[in-house]
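The values are calculated or read from the model by the stated rules, or taken from the named source; none is laboratory data. Small disclaimer: the values here were computed from a predicted structure and weren't measured. Cβ coordinates were reconstructed from backbone atoms using ideal geometry, including for glycine residues, and neighbour counts include every protein chain displayed. Areas reflect the complete protein model, heavy atoms only, side chains present, ligands, DNA and RNA absent. Shrake-Rupley method; radii C 1.70, N 1.55, O 1.52, S 1.80 Å.
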Amino acid sequence: MPELPEVEVVRRGLAQRVTDRTITAVRVHHPRAVRRHEAGPADLTARLLGSAITGTGRRGKYLWLTLGDTVESSSALVVHLGMSGQMLLGDVPNDNHLRIAALLDDGTTLSFVDQRTFGGWMIAEMVTVDGTDVPMPVAHIARDPLDPRFDRDSVVTVLRHKHSEIKRQLLNQAVVSGVGNIYADEALWRAKVNGARLASGLPRRKLAELLDAAAAVMTDALDEGGTSFDSLYVNVNGESGYFDRSLDAYGRAGEPCRRCGAVMRREKFMNRSSFYCPRCQPRPRA
């Protein structure tokens, strides 16, 4: 699933091209793409027709377009990218995986392409959480490290009370959002922390350093268009990111650590993989 940098790249591309545009036509090509919109595809289509896109938003890995005109001003089109969802502007090279298409008043086509059909669109009401307006399905999601109102010290306090692995907590979107498996491994490597260590056993200073590392690595990834290992993640123009060339931990099992030279290791974790340096990031003692 795309993580914060990849979703933010998509949001920025949409913000530049679709803000203040009006939706003039909508076609749902696959019902699974609107399964989260409980009222069904006909209702979603009717509510989008004639509506203006007044802005874009993101929290963690969640993306949305705020809507106006014929749709209530307090509504948003929430986009769930899933494992392979793409928001593309212009012609779609291969429409075999086209799930939803919307035509804008300037003639631009906004397409939702999703090979694995885990993602989709839904319309949701906006609610205010901690002084910020977010769609209802996003209300439970914590702020992410790149949010200007992210309170690092408060998150450190929460982590100090979590008696479970620190990597598990980095992936807990109710604690800190936007961090997925790739950037968790990268942040842990930068902070020299093994993901199997208990969050409650780490000092506040080290937890703060880890959160800072997460913010730094995701900022670096954002500058390079995100991380693409295949064609499933692309920006709105269909272009891949290239931060995969700069990864220090993820996917580097058997290669030398770029900091100390030790051979990087891979271990199973939550049906995924964790990559770490056994010298820089020693496992906790049994």
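For a quick check of your reading of the filter: which chymotrypsin sites (Phe, Trp or Tyr not before Pro) in region 187-264 sit in a DSSP loop and have no more than 15 other Cβ atoms within 10 Å? Walk me through the numbers on the way to the answer.
On the way: sites: Trp189, Phe229, Tyr233, Tyr242, Phe243, Tyr250; in loops: Phe229, Tyr233, Tyr242, Tyr250.
The qualifying sites are Phe229, Tyr242.
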(message) Take Ala39 and Ser74, extend 7 Å from each Cα along the Cα→Cβ direction, and tell me the distance between the two endpoints in nm.
(response) 1.5 nm
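Pairs of alpha-carbon atoms within less than 8 angstrom and 6+ residues apart define the contacts here; what relative contact order does region 152-248 have, in percent? Before the final figure, lay out each step's value.
Details: 129 pairs, mean separation 24.3, N = 97.
Answer for region 152-248 is 25 percent.
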(request) Under 1.5 on a/c is rounded, so check that first for the chain, then, if it is not, pick prolate when a/b is larger than b/c and oblate when it is not; a ≥ b ≥ c are the square roots of the alpha carbon gyration tensor eigenvalues. (result) prolate
(request) Loop only per DSSP, at most 11 neighbouring Cβ atoms within 10 Å: give me the trypsin sites (Lys or Arg not before Pro) in region 117-210, ordered by residue number. (result) Arg149
(message) If I model a spin label as a point 7 Å beyond the Cα along the Cα-Cβ vector, how far apart are those points for Ser273 and Glu255 in nm?
(response) 1.1 nm
(message) What is the percent carbon and sulfur in the accessible area of the chain, measuring with a 1.4 Å probe over the protein chains and ignoring ligands?
(response) 47 percent
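Is the shape of region 1-104 best called rounded, prolate or oblate, per the rule: a/c under 1.5 gives rounded, else a/b larger than b/c gives prolate, else oblate, with a ≥ b ≥ c the square roots of the Cα gyration tensor eigenvalues? Before the final figure, lay out each step's value.
Values: a/c = 1.35, a/b = 1.10, b/c = 1.23.
Cα axes put region 1-104 in the rounded bin.
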(message) Distance between the C-alpha centers of region 220-266 and region 1-72? Whole Å please.
(response) 29 Å
(message) Relative contact order of the chain, please, whole-number percent, based on alpha carbon pairs below 8 angstrom and at least 6 residues apart.
(response) 17 percent
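With 21 Å as the limit, write out which pairs from Lys61/Lys192; Lys206/Lys268; Lys167/Lys268; Lys61/Lys167; Lys167/Lys206 have Cα-Cα distances beyond it, or answer none. Let's see the in-between values first.
Working: Lys61/Lys192 25 Å; Lys206/Lys268 24 Å; Lys167/Lys268 12 Å; Lys61/Lys167 17 Å; Lys167/Lys206 14 Å.
Pairs exceeding the cut-off: Lys61/Lys192; Lys206/Lys268.
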(message) For Cα pairs less than 8 Å apart in space and 6+ apart in sequence, what is the mean separation divided by the residue count of region 4-138, i.e. the relative contact order in percent?
(response) 26 percent
(request) Between Gly201, Gly241, Gly261, find the one with the highest GNM mean-square fluctuation for the chain; connect C-alpha pairs within less than 10 Å. (result) Gly261
(request) Treat each spin label as a single point 7 Å out from the Cα along the C-beta direction, and report the Ser246 to Asp105 distance in nm. (result) 3.9 nm
